[in-house]
Amino acid sequence: MAPDIATLRTLPAPAPGQDGEKPNILYIMADQLAAPQLKMYNPESQIKTPHLDRLAASSVQFDSAYCPSPLCAPSRMSMISGLLPMKIGAFDNASQINSEIPTYAHYLRSKGYHTALAGKMHFVGDQLHGYEQRLTSDIYPGDFGWAVNWDEPDTRLEWYHNASSILQAGPCGRSNQLDYDEEVMYRSVQYIWDHVRQGPEKRPFALTVSLTHPHDPYTITKEYWNRYEDVHIALPRVRMPKEELDTHSKRLMKVCDLWGQDFSDAQIRRARRAYYGSVSYVDDCVGKLLETLEAAGLGEDTIVIFSGDHGDMLGERGLWFKMSYFESSVRVPLLVNYPKWFPPHRVSQNVSTLDLVPTICDLVGTKPAPYLPMDGLSLMPHLQGREGEGNDGNDAVYAEYTGEGTVRPLMMIKRGPWKYVTCPADEPQLFNLANDPDELDNLARLSKVAPQSAAEEAAKAVLAKFEAEAEARWDFDAITAQVLQSQRSRRLVWDALREGSFTSWDFDPVDDGRAKYIRSTIPLDALERAPRAVPFGGQPWLRVESSQLDPQLRRRRRRRRRRMMMMMMMTVRMTRERWTDRILT
């Protein structure tokens, strides 16, 4: 049973990274995984995630974690840098961040870690950003082709999300995303074993495993589809006429080609069932990675972090995919597992995946660059059960979005139970999630009407503070000009690059199988003496030296080496003779 916060405060606080200990770090990311849909956050959830549930039970579990932008690339770029999207130019899925911006991979490498990435990260341009090694290609393009166009706000992008994901939802024999994630998993497991084979002098590793599931299209193999055969899939909690949606949601409906669609209950259930199956697939991947750590003898020496880039609306309010600040789109799972330092407990305060960079720095005993102030805050007080220290109890998180469905910057502030959303092109929104978890009562209306109760009077005061804070924090006109300039420049470059010969920016990992498996490339004797990635005598590795071998076995090895040398010499002599004969004839 997890200790309560009062108990944690009496425990001696560990000093990560200060005593020379350098645990490995395994960071597992899922794509489009909605926290409110998971059993660890919602006991009524129908999704089966036994591995994640077990991981959560031994982890520090964050119940109110948010992404810094409800879109893949901006969220990920902010997550790896600890900086909000507007500060680094992460405007949409075709934005590139400057290579001079440090990421957690840079900070970890500077502390002696081997940093590796397997899977999706949606980099544009620079395909490493501090990772020493990428184990796979990406699944999304690394160029400017997906740039948003505010100059043509009513033009729908043909390549973007559309209704086919829902209309064609169901089981499949195989999919591109499954092929990709299977390679991600194979490479990740192989990486862990290769790390063990290096022996006791190896560097600690920091491996990021980024899966593309459960991202749409909503399809999964029958193995996972059938896990929900006897489950009566629940319909969305909030369903409302399109005409009653806020203006941003209406634009999203049109951008995603959903405005003219009326999905049947059966179609909605099929899409949600496929999504549930995809989440179960992710859960099995998590289980396999954890099992590999244990089998390799690394389970107690590896910090495991699990999170996601954003959520999925799954039909709530008629919306699908992400791109909004409603809970199912913007709230993400976040677990930090290392019981050796952090007893399992739950954290209710708001946090952000922006906080991971300063947290990882604290874990390995370093600090982010002082000349580049972090927008994120270290989670160390939360991990150690010292909530409220270092930030005066202020649990505000911020998010910024200028991607598909916007015509001006759309910003969010979440503080305590209050969520405030503002955009010059849309009506503001204010929700008190403590009283209104489904976000149905927009208290921003109080700016135009007189409060009718003490609660409304208090809400109006909260609204005024948020409005003042947003005005002080964001210069919407300046940001709009910056975004437009970036969009136009990228479109110009992209149009030019497609003329004539096209050179892809996508990452192509070097993988020469001839140097890995064929025995003629490695002396057999070296293979015999190499570290074996098999637990032996309590050690996760075993190096067999010649001096440790039985004398008779040593003699056999010497005879075998002599035979091999004789065969090589005979081969060389025969080859010379053949070439001599050819020359003479």
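The values are calculated or read from the model by the stated rules, or taken from the named source; none is laboratory data. For clarity, every value in this text was computed on a predicted model and none was experimentally measured. Note: ideal-geometry Cβ built from the backbone for every residue, glycine included; neighbour counts use all protein chains shown.
Assorted remarks:
- Residue count for segment 255-295, restricted to those that are under 28 Å from Asp154 (Cβ atoms) and among the polar types (S, T, N, Q): 2
A quick yes/no check of all residues on (1) in contact (Cβ under 8 Å) with a residue 24 or more places away in the chain; (2) closer than 23 Å to Leu319 by Cβ; (3) touching a helix residue (DSSP H, G or I) at 6+ places or on another chain (Cβ under 8 Å):
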position	(1), (2), (3)
Ser58	yes, no, no
Ser64	yes, yes, no
Arg76	yes, yes, no
Ile88	no, no, yes
Asp92	yes, yes, yes
Ile97	yes, no, yes
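- Residue in segment 38-54 that is nearest to Arg270 (Cα to Cα), counting only those that are assigned to a helix (DSSP H, G or I) and more than 17 Å from the chain's Cα centre (by Cα): Pro50
- The requirement of being more than 18 Å from His161 (Cα to Cα), out of contact with any Ser or Thr (no Cβ under 9 Å at 6 or more places or on another chain) and part of a helix (DSSP H, G or I) is satisfied by Asp284.
- Residue count, segment 184-203 (criterion: at pLDDT 95 or above and buried (at least 16 other Cβ atoms within 10 Å of the Cβ)): 7
So that you can scan it fast, the table gives a plain yes or no per residue for (1) hydrophobic (A, V, I, L, M, F, W, C); (2) touching a Cys at 6+ places or on another chain (Cβ under 8 Å); (3) farther than 30 Å from Gln261 by Cβ:
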{"residue": "Phe91", "(1), (2), (3)": "yes, no, no"}
{"residue": "His122", "(1), (2), (3)": "no, yes, no"}
{"residue": "Asp126", "(1), (2), (3)": "no, no, yes"}
{"residue": "Leu135", "(1), (2), (3)": "yes, no, yes"}
{"residue": "Ser164", "(1), (2), (3)": "no, no, no"}
{"residue": "Leu167", "(1), (2), (3)": "yes, no, no"}
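- Residue match in segment 131-147 (condition: surrounded by fewer than 18 Cβ atoms within 10 Å (Cβ to Cβ), free of Cβ contacts under 8 Å to residues at least 40 places away in the same chain and within 18 Å of Asp31 (Cα to Cα)): no
Okay, residues lined up against (1) without any contact (Cβ under 8 Å) to a residue 40 or more places away in the chain; (2) farther than 17 Å from Val60 by Cα; (3) of a type in the set (Phe, Trp, Tyr); (4) assigned by TED's automatic domain parsing to the domain that holds His248:
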position: Val336; (1), (2), (3), (4): no, no, no, yes
position: Pro344; (1), (2), (3), (4): no, no, no, yes
position: Val347; (1), (2), (3), (4): no, no, no, yes
position: Thr366; (1), (2), (3), (4): no, yes, no, yes
position: Leu377; (1), (2), (3), (4): yes, no, no, yes
position: Gly405; (1), (2), (3), (4): no, yes, no, no
position: Pro417; (1), (2), (3), (4): yes, yes, no, no
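- Residue within segment 295-308 that is touching a strand residue (DSSP E or B) at 6+ places or on another chain (Cβ under 9 Å), aromatic (Phe, Trp, Tyr), surrounded by 24 or more Cβ atoms within 10 Å (Cβ to Cβ) and assigned to a helix (DSSP H, G or I) present: no
- Scanning segment 221-238 for residues that are modelled with pLDDT of 95 or more and either assigned to a loop (DSSP other than H, G, I, E, B) or not assigned by TED's automatic domain parsing to the domain that holds Pro50 (or both) returns Glu229, Val231, His232, Ile233, Ala234, Leu235, Pro236, Arg237, Val238.
- Strands (runs of 3 or more DSSP E) (entirely within segment 396-493) containing at least 1 residues that are over 25 Å from Phe321 (Cβ atoms): 410-415, 418-422, 429-432
- Selection count where residues are of a type outside the set (A, V, I, L, M) and over 30 Å from Arg488 (Cα atoms), scope segment 91-126: 10
- Test for Ser249: is it hydroxyl-bearing (Ser, Thr, Tyr), closer than 24 Å to Gln429 by Cβ, surrounded by fewer than 24 Cβ atoms within 10 Å (Cβ to Cβ) and in contact (Cβ under 8 Å) with a residue 40 or more places away in the chain: yes
- When the criteria are applied in full, Ser324 meets the requirement of being farther than 20 Å from Ile220 by Cα and touching a His at 6+ places or on another chain (Cβ under 8 Å).
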